[in-house]
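Read the figures in this text as sums done on the coordinates, not as results from a lab. Here the structure is a predicted model, which means the values were calculated and not measured. Ideal geometry is used to build each Cβ from the backbone, glycine not excepted, and the neighbour counts take in all protein chains shown.
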Amino acid sequence: MEWQKIFPEPEEARKRLHAGRPQLLLIGDQRVCLVLFENNLYALEDKCSHNGESLSKGTVNYLGEVSCPWHGYRFKLATGRETGERSRDLKTYLIKEDAQGVYLWI
Ligand code: FES
């Protein structure tokens, strides 16, 4: 695990991501669902723990949960917790920001 730079500066991340719309981020062979929500960045594993759909194709609700497009399971952006307790929680990734960039611990 190491810090991977994903944006050259925090403002660039906020310009390129649409608030509340998940974005797929590929780092090597790892797929990460990246979300800008209420001006905070969140990163979760992209593969839904129910049946494997890509969560970056999903939607984000006002509670800060990403919904899977297949069967609607919802996961907390901050913790990866599956809200209905039907499936395992998702792995989340740490993000840090400073003047030199935005970094993901992966
Ligand atoms: S594959 Fe995501 S809810 Fe079924």
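The table for this structure:
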quantity: Those residues of the range 1-14 which are surrounded by fewer than 18 Cβ atoms within 10 Å (Cβ to Cβ) and touching a strand residue (DSSP E or B) at 6+ places or on another chain (Cβ under 9 Å), in sequence order; calculated: Met1, Glu2, Trp3, Gln4, Lys5, Pro8, Glu9, Pro10, Glu12, Arg14
quantity: Out of Leu26, Leu41, Leu36, sole residue that is exposed (fewer than 13 other Cβ atoms within 10 Å of the Cβ), of a type in the set (A, V, I, L, M) and either in a loop (DSSP other than H, G, I, E, B) or away from the ligand (no atom under 13 Å from the Cβ) (or both); calculated: Leu26
quantity: The range 44-57: number of residues that are surrounded by 18 or more Cβ atoms within 10 Å (Cβ to Cβ), more than 8 Å from the ligand (Cβ to nearest atom) and not in a strand (DSSP E or B); calculated: 2
quantity: Complete set of residues in the range 78-106 that are assigned to a loop (DSSP other than H, G, I, E, B), out of contact with any Pro (no Cβ under 9 Å at 6 or more places or on another chain) and among the hydrophobic types (A, V, I, L, M, F, W, C); calculated: Ala78, Leu90, Leu94, Ile106
